[in-house]
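Written out below as structure tokens is the structure these notes cover.
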Amino acid sequence: MAAKILGMPTCIFLLGISAVFVALIAALLRFSPETRSPRLFTVEELALYNGTDEGLPILLGILGSVFDVTKGKSHYGTGGGYNHFSGRDASRAFVSGNFTGDGLTDSLRGLSSSEVKSVVEWRDFYFRSYTFIGKLVGRYYDSHGNPTKYLKGVEVKAARGAQLLEKQKIEEAKQLSCNSRWSQDSGGEVWCDVGVPRLVQRPLEIALTGKMSKRCVCFKEDQLDQPGLEVYDGCDFLAMTCRV
């Protein structure tokens, strides 16, 4: 009946238009970032997307994951403050602050668990804020796009850092921290509303950062015989306020 109303040539025309429309939708889905398979990049290929070619997107790698950061062109493009990250994987520089020479590397060798945790958190930031488009073949992904032992090691070390940080927070919450303030005119001081200030070592800090540090804790007079309590230089033994 429809053929009689519209005419056979019209029906064939409409069917052709429908087929083209379906094919177009399929093509769009195939090339959309949400549906296409992650692309594998070599170091040389990724270097082409450093923001110098206006006809190409700006790409950035971190821990082998590659992101399109073109929407942040003012930051990642030529002359931008973060351009040193574009067209490469400079994972180490996210925590080292060394943006020249050997500092622009994907190697995390020698970094503490806390620093490795920070790099992983930066990667997670890019997953949330930008479009993930592929993987960089090399240290963190093999030629098939599978994670290498180095990536697995990084994630284990970052998880360890998170555990140690949480443990440190729990342990330090059991102790009353000193009050502190600083001004350019009078310098710094620490004080306790209850007890007296003492410097104590943070034993988990060396595992977190690779360095030993101290913090100020308030102790009551009957607790001062504990080992490892350090009186501030120039401060009386029972003073509740100390200059630092």
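The values are calculated or read from the model by the stated rules, or taken from the named source; none is laboratory data. Values in this document were obtained by computation on a predicted structure and should not be read as measured data. Heavy atoms of the whole protein, side chains included, go into the accessibility calculation; ligands, DNA and RNA do not. Shrake-Rupley method; radii C 1.70, N 1.55, O 1.52, S 1.80 Å.
Some points to look at:
- Rounded to the nearest Hz, the phi-derived 3J(HN,Hα) couplings of segment 97-111 under the Karplus curve 6.51 cos²θ - 1.76 cosθ + 1.60 (θ = phi - 60°) are x, 8, 9, 10, x, 5, x, 8, 9, 8, 6, 9, 4, x, 6, where x marks glycine and proline.
- Equivalent ellipsoid of segment 101-157: semi-axes from √(5λ) of the C-alpha gyration tensor, largest first, are 18, 16, 12 Å.
- Rounded to whole numbers, the Karplus 3J(HN,Hα) couplings from phi for segment 65-73 are 8, 10, 10, 8, 10, 4, 5, x, 3 Hz, using 6.51 cos²θ - 1.76 cosθ + 1.60 with θ = phi - 60°, and x at Gly and Pro.
- Under the criterion of Cα pairs below 8 Å and six or more residues apart, the relative contact order for segment 126-244 equals 21 percent.
- For segment 57-108, the normalised intensity computed at q = 0.12, 0.19, 0.21, 0.26 Å⁻¹ comes to -0.22, -0.55, -0.67, -0.97 (log10 of I(q)/I(0), Debye sum over alpha carbons, equal scatterers, no solvent).
- Eligible lysines near LYS135 by straight Cα distance, threshold 28 Å, same-chain separation 8 or greater: LYS71, LYS73, LYS117, LYS149, LYS152, LYS157
- Amide hydrogen proximity for LEU40: with H placed 1.01 Å from N in the peptide plane, the residues at 5 or more positions away or on another chain lying under 5 Å are LYS135.
- Only protein atoms count toward the accessible area here, which uses a 1.4 Å probe; on segment 106-244, the carbon and sulfur part of that area reaches 51 percent.
- Taking the square roots of five times each eigenvalue of the Cα gyration tensor of segment 116-225, the equivalent ellipsoid has semi-axes of 42, 17, 11 Å, listed largest first.
- Segment 36-160: projected area of the alpha-carbon convex hull, averaged over directions, in nm²: 7.5
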